[in-house]
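Here's the structure we're looking at; comments come further down.
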């Protein structure tokens, strides 16, 4: 148990960072946005555990916000990446691993006839939009209200530093609402280039919502009728729901899919895969990055996919997620709390009833840290293949003790 979280070294590092980095820590990994007391800086990770710079150890249920699928420092993945790095990583052109990985992606992902590689999920979603527009010669992209597709002007949720013109060609619909999607397509008229949909609804601070196959079928029909691209934003869920792609169980093939996060178990890479109908458009657009063809991350991706094909890693994460969900429900009942647990079991969202301002959720998360488990009060979490039943049970114990603590402190639901 972490008896206290003094965060002394963490606070010192944040103070230093604030002098040389605007805001100190940026982006969604700025855990100061969660609530006071969450550690900002980490010193070590292994399997499903992380250690902050003050030496506190946590069973990790965020998995680096998704990239950790097989376990931090998986020996086979890291060995493949380091071996490639010793030979060649960044050079005047790609290594042989680029071709090997592209072949493997085509062999693995449903509907993939080709692959392009980038570094971040935002890169991949942006490339998908460019290909869709190049293919159709049109501009409008339909996206769901509240959905997150990256952090660049065309799609960022920020209103600071972004102009209305940056998002002029986005039209919004309501997730899983076929009538709303049809209305958005009608609004686009003959200027519809693509429809982008996440693997399932994973908006922050709200119940998660699995994708309705009938809704996807309607999206597929609109794209088939208009020539627009049906785009799967599979960045967050890549290889966590299904190795063939998150929509594979629904029987709907996207024209383009953006993938990242866990496809190389934390090594930095993203990918766009697509069908032959979009091959020429993909060849015509210009996108590039000095580090996009790094061989080490590609070797890590090849190793990761190989492990996923040969193991029960995905089904194991589902089983561990279901174990966690059942244990949290029981802990809540024991301590007089009401929870809502939504989304795929391996990517769980945990919210307290009657907690719109996250007063209870933030208190719970901070108390759980003191008991040695890292939960998130408003973002979906992640299970990885390194979580064992004992690790999950340790997390449940921490959650149970955290709920006892906050109940004793007077946190109650109406």
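The values are calculated or read from the model by the stated rules, or taken from the named source; none is laboratory data. Keep in mind that what you see is a predicted model, and the values were worked out from it rather than measured. Glycine gets a Cβ as well: all are built from the backbone with ideal geometry, and neighbour counts include every protein chain shown.
Tabulated values for the structure
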quantity: Criterion (in a strand (DSSP E or B), farther than 27 Å from residue 344 by Cα and touching a strand residue (DSSP E or B) at 6+ places or on another chain (Cβ under 8 Å)) met by exactly one of 197, 171; calculated: 171
quantity: Some residue of segment 364-375 being more than 22 Å from the chain's Cα centre (by Cα), surrounded by fewer than 17 Cβ atoms within 10 Å (Cβ to Cβ) and either within 19 Å of residue 203 (Cα to Cα) or outside the structural domain of residue 198 (by TED's automatic domain parsing) (or both); calculated: no
quantity: Those helices (runs of 4 or more DSSP H) lying entirely in segment 24-139 with at least 1 residues more than 23 Å from the chain's Cα centre (by Cα), without any contact (Cβ under 8 Å) to a residue 60 or more places away in the chain and surrounded by fewer than 18 Cβ atoms within 10 Å (Cβ to Cβ); calculated: 75-87, 96-108
quantity: Single residue of 193, 184, 199 found to be in the same structural domain as residue 143 (by TED's automatic domain parsing), surrounded by 18 or more Cβ atoms within 10 Å (Cβ to Cβ), at pLDDT 95 or above and under 13 Å from residue 136 (Cβ atoms); calculated: 193
quantity: Matching entry among 338, 325, 333 (being over 30 Å from residue 100 (Cα atoms) and touching a residue at least 40 places away in the same chain (Cβ under 8 Å)); calculated: 338
quantity: Test: residue in segment 149-166 that is touching a residue at least 12 places away in the same chain (Cβ under 8 Å), out of contact with any helix residue (DSSP H, G or I) (no Cβ under 8 Å at 6 or more places or on another chain) and part of a helix (DSSP H, G or I); calculated: yes
quantity: Residue in segment 317-339 that is surrounded by the most Cβ atoms within 10 Å (Cβ to Cβ), counting only those that are touching a strand residue (DSSP E or B) at 6+ places or on another chain (Cβ under 9 Å) and part of a loop (DSSP other than H, G, I, E, B); calculated: 337
